[in-house]
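I have placed the structure first, in the form of structure tokens, so that the comments after it can refer back to it.
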Amino acid sequence: MVAAHRRDAREARNTTVKFLYQCEAEKLYYFSMPHFSQFCLYHHIPQEAREIAEEACRGIFSRIAEVDKLISQTSQRWPVERMPAMDRSVLRLAVWEMIVAQEPRKVVINEAIELAKLYGTEHSGKFVNGILDALSKRPRSPDAK
């Protein structure tokens, strides 16, 4: 059962990052259930992973300004809008998981690095790792939910 949950969580992260990236490409800067449903049908996303990804996508879009501000503050020299779209998508998911979903930081960072390596440039893994490592050293927000 634990292995199935991990597989669903990994598939959900994968789905979330790809959906965020597609939204950027289509200039859709809000959560759209019809768009998300069509995306999941087209990519044959299993129901459990779909539910987890939907929660993440809704959550990220609802707090995107806060998430982007944390990324910008942590990255210092790289404003969010100048980052490659895939790196930005990976970082948005990871930051949301760390501050809102309260996922274990080590797990979030490792999964984000893997996604960055899989979908980003040759430097994406190190870039994502650097930002998330710095962010992980900050105390958790007491009002995170």
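The values are calculated or read from the model by the stated rules, or taken from the named source; none is laboratory data. Every value quoted in this text rests on a predicted model; they were computed, and no experiment measured them. Cβ placement follows ideal geometry from the backbone for every residue including glycine, while neighbour counts extend to all protein chains displayed. Quick note on the areas: whole protein, heavy atoms, side chains included, nothing else; ligands and nucleic acids left out. Shrake-Rupley method; radii C 1.70, N 1.55, O 1.52, S 1.80 Å.
Results, tabulated for the structure shown:
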item	result
Exceeding the 21 Å Cα-Cα cut-off - candidates K106/K126; K27/K137; K106/K137; K27/K117	K27/K137; K27/K117
Longest exposed-site-free window of the chain, the sites being chymotrypsin sites (Phe, Trp or Tyr not before Pro) in a DSSP loop that have at most 13 other C-beta atoms within 10 Å	31-145
Percent carbon-and-sulfur accessible area, the chain, ignoring ligands, DNA and RNA, probe 1.4 Å	54
Share of alpha-carbon pairs per 10 Å distance bin for segment 1-85, given as whole %	17, 44, 29, 10, 0
Relative contact order computed over segment 1-64 (Cα-Cα under 8 Å; 6+ residues apart), in percent	52
Neighbour net charge for T74 - beta-carbon separation under 10 angstrom, K R +1, D E -1	+2
Neighbour-limited loop hits for trypsin sites (Lys or Arg not before Pro), segment 13-52 (at most 15 other Cβ within 10 Å; DSSP other than H, G, I, E, B)	K27
The chain, relative contact order [Cα under 8 Å, separation at least 6], %	23
Rg and Dmax of the chain, Cα atoms only, in Å	14.2, 43
The chain: most fluctuating residue of A101, A56, A112 per GNM, C-alpha cutoff 10 Å	A101
20 Å Cα-Cα reach of K69 towards aspartates and glutamates, excluding residues that sit fewer than 8 places from it in its own chain	E24, E81, D87, E97, E103, D133, D143
Accessible area of the chain divided out per residue, in Å², using a probe of 1.4 angstrom	58
Mean residue ellipticity (222 nm) of the chain, computed from DSSP H runs ≥ 4 via -39,500 (n - 2.57), nearest 500	-23500 deg cm²/dmol
With at most 13 other Cβ atoms within 10 Å, longest stretch of the chain clear of loop GluC sites (Glu not before Pro) (DSSP)	27-121
